[in-house]
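Have a look at the structure below before the remarks.
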Amino acid sequence: MDYKYIEQLLERYWKCETSLQEEEILRMFFSQEDIPATLLPYRDLFVYEQSEKEIDVLGDDFDQRVLGQIQEDEPVRARVITMRHRLMPLFKAAAVVAIFLTLGNAMQVAVSDEDAHQVKTSGASIDKPQEGLSVAKADSVLSDTLQHKIQPPVSTITK
């Protein structure tokens, strides 16, 4: 038997030039029992496609079963986000920065008051700044001393 027409259809099938009727002819041909050995490798392609068409994977009640498993009582609504909610992280960050600046300022004042107290009790003269202090601290100690009219203690160490 001459299978030239089937071979031509296969060539056109691989080039995607066949019509739906010609593809159906190929499916019918490969679903037969006696196929030549040269065309046997192509049989699985067309038989598989035909057998998959016949298998009904999803039943008629598939949609109802899926919707029954979801059990969605009320529809999901979109949340409204106000400007206050959008800026809340920014407000929190600003509050943290303000707390750190306030604590830092309080520590700076406490340390500078402690340095001023050390300068007052060390017996240093008002006219010359203490070694190790900056000029600004020495000047502020000097102005604090003059404002309170505190006389520096007289040095008891004599040479």
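The values are calculated or read from the model by the stated rules, or taken from the named source; none is laboratory data. Predicted model only: the values in this text are computed from it and were never measured. With ideal geometry, Cβ positions are generated from the backbone for all residues, glycine too; neighbour counts draw on all protein chains shown. Each accessible area value is taken on the protein alone, full model and side chains, heavy atoms only, with ligands, DNA and RNA left out. Shrake-Rupley method; radii C 1.70, N 1.55, O 1.52, S 1.80 Å.
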For the range 1-43, which positions are aliphatic (A, V, I, L, M), out of contact with any Ser or Thr (no Cβ under 7 Å at 6 or more places or on another chain) and open to solvent by less than 90 Å² (accessible area, probe 1.4 Å)? ILE6, LEU10, ILE25, LEU26, ILE35, ALA37, LEU39, LEU40
With respect to the numbered conditions (1) part of a helix (DSSP H, G or I); (2) at pLDDT below 85, which one is the sole condition not fulfilled by ASP2? (1)
Condition check: modelled with pLDDT of 65 or more, of a type in the set (A, V, I, L, M, F, W, C), farther than 30 Å from MET28 by Cβ and not in a loop (DSSP other than H, G, I, E, B). Does VAL80 satisfy that? no
For VAL57, work out the one condition from (1) open to solvent by less than 50 Å² (accessible area, probe 1.4 Å); (2) modelled with pLDDT under 85 it doesn't fulfil. (1)
